[in-house]
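Undergrad: First, the structure itself, so that you have it in front of you.
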Amino acid sequence: QVQLVESGGGLVQAGGSLRLSCAASGSTFSFVVMGWYRQDLEKQREFVAAMYINGITKYADSVEGRFTISRDNAKNTVSLQMDSLKPEDTAVYYCKAIVDPSRAYWGQGTQVTVSS
C-alpha cells in the first residue's frame, strides 16, 4: 500500500520561508511525477508545483520564482522550498505522487499559515 507522509508545515510571518517534505513508500513502481497541491477554506484544491522523474519542473504562476521543488528519485521524496511567503499562500498543502493515470496517491496534508 502506497503511503505519502508530509512534514514541515507551520506558522510563519509574511516574507519568511518554510520547507515541506514528502516521503513516499510502498510502491514497487517509480513515480513519474511528484508534486504539491494546496487547498484553502472554501476553495478548490489547486496545483502548486510538480517535478517529473526526468527533472522537468512546473509551477503555478502564483508561486513561480518564490517556490522551488526538488526530489530524490532513489528515496522517493519530494520537497518544496517556499520563500517570500505571502498570506495568500496560507493553505493545507498536499503531496501527490503519480505512477500512471490510474495510480495517483495523496498525502494527508500539512498546514501552512502565513501571517501578515
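The values are calculated or read from the model by the stated rules, or taken from the named source; none is laboratory data. Just so we're clear, the structure is a prediction, and the values are computed from it rather than from any experiment. Every residue, glycine among them, receives a Cβ derived from its backbone with ideal geometry; neighbour counts consider all protein chains shown. Quick note on the areas: whole protein, heavy atoms, side chains included, nothing else; ligands and nucleic acids left out. Shrake-Rupley method; radii C 1.70, N 1.55, O 1.52, S 1.80 Å.
Undergrad: Filtering the range 1-20 down to residues that are surrounded by fewer than 16 Cβ atoms within 10 Å (Cβ to Cβ) and among the small types (Gly, Ala, Ser), which residue is modelled with the lowest pLDDT? Please lay out each step first, then the result.
TA: Our first condition is that a residue be surrounded by fewer than 16 Cβ atoms within 10 Å (Cβ to Cβ); within the range 1-20, this holds for 1, 3, 5, 7, 10-11, 13-17, 19.
Checking which are among the small types (Gly, Ala, Ser) leaves us with 7, 10, 14-17.
Details: Ser7: 94, Gly10: 97, Ala14: 98, Gly15: 98, Gly16: 98, Ser17: 98.
Step by step, filter the range 1-20, then rank; the result is Ser7.
Undergrad: Which one is farthest from Gln81 (Cα to Cα), of the residues in the range 2-51 that are over 15 Å from the mean Cα position of the chain (by Cα) and not in a loop (DSSP other than H, G, I, E, B)?
TA: Checking each candidate, the answer is Ser25.
Undergrad: Might you check whether a residue that is touching a residue at least 40 places away in the same chain (Cβ under 8 Å) and either in a loop (DSSP other than H, G, I, E, B) or among the charged types (D, E, K, R) (or both) occurs anywhere in the range 98-106?
TA: Within the range 98-106 (the criterion being touching a residue at least 40 places away in the same chain (Cβ under 8 Å) and either in a loop (DSSP other than H, G, I, E, B) or among the charged types (D, E, K, R) (or both)), the answer is yes, since at least one residue qualifies.
Undergrad: Name the residue, out of Asp83, Asp40, Asp89, Asp61, that is open to solvent by less than 30 Å² (accessible area, probe 1.4 Å) and more than 20 Å from Val2 (Cα to Cα).
TA: Just a single option satisfies the conditions, and that option is Asp89.
Undergrad: In addition: Could you give every pair whose Cβ atoms fall below 7 Å, whose first residue belongs to the range 58-78 and is under 14 Å from Ser21 (Cβ atoms), and whose second residue is open to solvent by 40 Å² or more (accessible area, probe 1.4 Å) and hydrophobic (A, V, I, L, M, F, W, C), counting only separations of at least 6 or pairs across chains?
TA: Listed pairs, sorted by first residue: Asn76/Ala23; Thr77/Ala23.
Undergrad: Still on this structure: Can you tell me which residue within the range 83-116, out of those that are among the β-branched types (Val, Ile, Thr) and touching a Gly at 6+ places or on another chain (Cβ under 9 Å), is nearest to Arg45 (Cα to Cα)?
TA: Val92
Undergrad: Out of all the residues in the range 59-97, which are closer than 15 Å to Val32 by Cβ and assigned to a loop (DSSP other than H, G, I, E, B)?
TA: Selection gives Asn73, Asn76.
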